[in-house]
Amino acid sequence: MLLLITFALTFALIVGAFPKPQQAQAGGTPKCRFSRTFSQAQILKDPSSFISDVLYWEGNFHQNNVSYNSGNGMSYDGTLLDETTGLATAKHPFSAASKEALQIMLYAHAIAGSPQAARFLSPNNPGAAPAIAINIMTLKLQTYLQFNKTYPGFGGFLPWYTGDSQNIVPTWDWVNRVPALDNGELIWAVYSAIQAMSSNKNYQTLAQGWQAWLDYTKLTAAKVSSMQEMGQFVPLQILQNQSFPVNDPRQSYKCEGSGTLNDPYEGELFTWWLYFFGGLSQKDKNLLWEVKRPQLVSVEDNMGGVGPITVQKGYWFSAHEQ
């Protein structure tokens with residue numbers, strides 16, 4: 001389900017082929033099993049109607065106790081569906097920074113006035129979409145701040161958490177562990193949401209609150225991700241105690257495993273955060289890219305009579321991660 005939503009939002013929000021909000025309303029509720037009503041040729045010629053239907057039905061995922069908790073604004077990993085009826089069954093009460101990123105990116109588009117995001121969030125009343133997003137972002141900020149207060153050792157970042165209660169807690173297998181990878185997505189999603197909120201005078205206070213949270217991650221990112229020799233940062237850290245503040249003399253961070261932040265998606269997003277805002281010396285900034293440079297290998301791709309297309313050779317990642 002999350003993959004479907006990611007595809008729908010990426011395709012619709014980035015491509016931007018979408019009817020006006022009033023046009024979307026005029027068509028009423030689209031047929032549930034709508035995909036068979038479109039041919040591939042129709043979609044290639046004009047994808048707007050198909051995208052409209054995708055966003056309408058995928059938008060049903062955005063509801064309390066299915067994709068998020070309306071009490072604290074936090075996302076859920078997802079909810080399983082009955083393959084025959086399409087009805088929700090078992091919910092995953094846990095989630096992570098990567099899922100938070102998807103949710104917040106959607107809200108950033110809604111706050112900025114995207115008709116595509118409005119179709120997803122509030123198809124029967126597109127004008128209500130920004131307020132829906134703002135209300136959830138307000139709750140979410142309160143939850144983040146309470147988490148930081150309770151578990152300061154994470155430095156503002158999120159581990160995998162359980163979100164069924166008012167206050168989120170690390171899942172049993174993420175106690176005293178924090179992933180830089182997923183948080184690479186989250187920090188830039190929050191960055192984009194702040195940009196959207198800052199453009200509206202009614203959202204300045206909330207934008208400032210989120211900015212304060214984001215600024216704190218600038219102070220902790222390098223320590224939480226622990227730079228190793230030759231400009232390499234680690235994707236997963238073990239904390240001495242998640243209840244100790246980052247700079248507490250009793251606190252310490254050590255790498256779990258031998259992995260490094262060298263993928264072109266989550267890892268690179270976190271690397272850019274360190275580069276721009278992590279307080280690194282120019283020497284260390286340069287080292288970040290010297291380590292990655294040998295991995296940038298081009299490949300000429302030919303498929304189905306199309307090509308050659310120059311792409312980056314992947315090994316530990318898939319094309320969609322770029």
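Tabulated values for the structure
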quantity: 5 angstrom amide H check on Asn176, placed H, neighbours 5+ away; calculated: Gln242
quantity: Residue order, fewest to most beta carbons within 10 Å, for Leu139, Leu274; calculated: Leu139, Leu274
quantity: Sites Val66 and Lys283 - FRET efficiency at Förster radius 41 Å, r taken between beta-carbons, to 0.05; calculated: 0.25
quantity: Length released on extending from Asp215 to Asp173, taking residue separation times 0.36 nm less the Cα-Cα span; calculated: 12.3 nm
quantity: Residues whose placed amide H lies under 5 Å from that of Tyr68, excluding near-sequence neighbours; calculated: Gln63, Tyr76
quantity: Stretchable slack from Ser165 to Asp301, in nm (0.36 nm times residue separation minus alpha-carbon distance); calculated: 44.1 nm
quantity: Least to most buried among Ser98, Ser243 (fewest other Cβ within 10 Å first); calculated: Ser243, Ser98
quantity: Chain lengthening between Lys254 and Thr89 when straightened (0.36 nm per residue, less Cα-Cα); calculated: 55.5 nm
quantity: Least to most buried among Ser67, Ser122 (fewest other Cβ within 10 Å first); calculated: Ser122, Ser67
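Bear in mind these aren't lab numbers, they're just calculated from the coordinates by the rules spelled out. Values in this document were obtained by computation on a predicted structure and should not be read as measured data. Heads up, the Cβs are rebuilt from the backbone with ideal geometry, glycines too, and the neighbour counts pull from every protein chain shown.
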